[in-house]
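Engineer: Attaching a single structure in structure tokens format; questions to follow.
The values are calculated or read from the model by the stated rules, or taken from the named source; none is laboratory data. Please read all numbers here as calculations on a predicted model, not as lab measurements. Positions of Cβ are backbone-derived with ideal geometry, glycine not excepted, and every protein chain shown enters the neighbour counts.
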Amino acid sequence: MTGEFSFIDRLRTFATHPAARGLADDAAVLSLPAGEIVVTHDILAEAVHYLPDTAPDDVAAKLVAVNLSDLAAKGARPLAALLGYTLGESAWDMAFAAALGEALARHDLPLIGGDTVRLVAGSPRVLGLTLVGAAPAGGAPARSGAKAGDALWVTGTVGDAGAGLALCRTGASEPAELVRAYLRPHPMLAEGQALAPQVTAMMDVSDGVLIDAARMAAASGLAVRIAIDALPLSDALLAHAGNDCDARLAAATAGDDYQLLFALPTGQTPIVAATRIGALAEGEGITLSWQGAPLTLPDSLGFAH
């Protein structure tokens with residue numbers, strides 16, 4: 001087991017921002033820019049958000065990425081991080097700390113504080129990260145701002161991570177592109193910052209395109225229509241799962257994509273590469289189509305606790 005002080009000493013090697021006060025004070029003191037501040041907190045729980053045999057460096061990288069994805073959805077610039085950590089076996093903890101430092105450094109994101117705790121032996125790890133970001137000059141877009149008639153768009157491709165999780169559960173490591181999409185999601189920070197002044201609503205796709213689109217529509221007081229055949233799928237996923245309706249529904253309900261889902265007025269073209277997958281309309285609920293024909297909703301729209 002790792003001692004608390006040993007673990008914090010390891011964090012001090014990269015918690016060098018003045019706001020961190022050497023991780024030796026009761027709280028961090030961060031000088032913030034003028035304007036809005038965006039604050040987010042996401043948790044990764046062992047056996048819920050990652051498999052128990054996942055390597056600590058993958059867990060650390062994912063913890064940073066999923067939180068950065070929330071900032072991306074607000075068009076925010078990352079400023080600082082605080083870690084909530086459950087101590088366990090020493091080698092795992094130190095490997096996690098090293099990987100955390102690397103992941104934060106890739107995004108020029110200083111660690112300025114947090115807390116540690118030791119749980120009862122055998123308890124699953126529960127790891128939390130809080131990020132502070134600076135909102136864009138025009139304000140952080142909400143998921144509730146969509147208007148009737150807006151087109152619905154998504155960046156990148158979807159479904160890779162869901163397929164990657166299924167592969168990891170069987171112990172498979174190929175196709176590597178799908179496994180990596182699950183283990184190492186890429187937060188769309190640059191895309192979110194570029195889109196923020198343009199969109200009427202935006203959020204990240206964490207639990208699945210369908211369930212997250214339904215959440216955006218509900219928050220905006222609207223209905224949403226999605227064309228399943230319009231969903232962007234990667235070549236690796238098409239080769240692995242095929243291109244029929246069932247494969248695309250699986251991609252639409254898989255979580256962990258961390259792409260950006262956003263609404264634009266009809267006729268506008270997004271400033272970043274994205275695919276139009278549907279539209280918002282008066283009413284409520286979600287309707288699907290496949291090659292122009294109505295499609296029955298699946299039993300589950302996506303991941304929910």
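Engineer: Return the residues of the stretch 294-305 that are aliphatic (A, V, I, L, M) and closer than 13 Å to Arg225 by Cβ; say none if nothing qualifies.
Structural biologist: Filtering the stretch 294-305 down to residues aliphatic (A, V, I, L, M) leaves 295, 297, 301, 304.
Across the stretch 294-305, the qualifying residues are Leu295, Leu297.
Engineer: Of all residues in the stretch 15-36, which are outside any helix (DSSP H, G or I), closer than 14 Å to Ile112 by Cβ and not charged (D, E, K, R)?
Structural biologist: Those that are outside any helix (DSSP H, G or I), closer than 14 Å to Ile112 by Cβ and not charged (D, E, K, R): Ala15, Thr16, His17, Ala24, Ala27, Ala28, Val29, Leu30, Ser31, Leu32.
Conditions (1) loosely packed, with under 13 Cβ neighbours inside 10 Å; (2) in contact with a Cys (Cβ under 9 Å, 6 or more places away or on another chain); (3) of a type in the set (Val, Ile, Thr), marked per residue:
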residue	(1), (2), (3)
Val117	yes, no, yes
Ala121	yes, no, no
Leu127	no, no, no
Ala140	no, no, no
Arg143	no, no, no
Ala151	no, no, no
Asp160	no, no, no
Ala166	no, no, no
Val179	no, yes, yes
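Engineer: Could you pull out the residue among Ala142, Ala146 that is touching a helix residue (DSSP H, G or I) at 6+ places or on another chain (Cβ under 8 Å), among the hydrophobic types (A, V, I, L, M, F, W, C) and modelled with pLDDT under 95? Working first, answer last.
Structural biologist: On the way: Ala146 fails: modelled with pLDDT under 95.
Every option except Ala142 fails the conditions.
Engineer: To continue, here is another question. Determine which member of the set Asp57, Asp108 is under 22 Å from Ala161 (Cα atoms), of a type outside the set (A, V, I, L, M, F, W, C) and either surrounded by fewer than 20 Cβ atoms within 10 Å (Cβ to Cβ) or out of contact with any helix residue (DSSP H, G or I) (no Cβ under 7 Å at 6 or more places or on another chain) (or both).
Structural biologist: It is Asp57.
Engineer: A further question on this structure: For the stretch 252-285, what are the residues that are part of a strand (DSSP E or B) and among the small types (Gly, Ala, Ser)?
Structural biologist: Listed by number, the residues that qualify are Ala263, Ala274, Gly278, Ala279, Ala281, Gly285.
Engineer: Here's another thing I want to ask about it. Quick one: which of Leu264, Leu280, Leu237 is at pLDDT 95 or above, assigned by TED's automatic domain parsing to the domain that holds Met188 and more than 24 Å from Pro141 (Cα to Cα)?
Structural biologist: Leu237
Engineer: Restricting the search to the stretch 189-209, which residues are out of contact with any Phe, Trp or Tyr (no Cβ under 7 Å at 6 or more places or on another chain) and part of a loop (DSSP other than H, G, I, E, B)?
Structural biologist: Ala196, Pro197, Gln198, Thr200
Engineer: Only strands (runs of 3 or more DSSP E) wholly contained in the stretch 88-176 count here; list those with 3 or more residues that are more than 30 Å from Gly285 (Cβ to Cβ).
Structural biologist: Qualifying strands (runs of 3 or more DSSP E): 111-118, 126-134.
Engineer: Shifting gears a bit: What pairs come out if I take residues in the stretch 228-245 that are within 14 Å of Val179 (Cα to Cα) and pair them with residues that are charged (D, E, K, R) whose C-beta lies under 6 Å away, six or more apart or interchain?
Structural biologist: If the second residue must be charged (D, E, K, R), the pairs left are Ser234/Asp160; Ala236/Glu177; Leu237/Asp160.
Engineer: Exactly one condition in (1) touching a strand residue (DSSP E or B) at 6+ places or on another chain (Cβ under 9 Å); (2) within 22 Å of Ala140 (Cβ to Cβ); (3) not polar (S, T, N, Q) is not met by Leu183; state its number.
Structural biologist: Of everything listed in (1) touching a strand residue (DSSP E or B) at 6+ places or on another chain (Cβ under 9 Å); (2) within 22 Å of Ala140 (Cβ to Cβ); (3) not polar (S, T, N, Q), Leu183 misses just condition (2).
Engineer: For Glu174, all conditions in the list (1) surrounded by 24 or more Cβ atoms within 10 Å (Cβ to Cβ); (2) free of Cβ contacts under 8 Å to residues at least 12 places away in the same chain hold save one; what is the number of the exception?
Structural biologist: Failed condition: (1).
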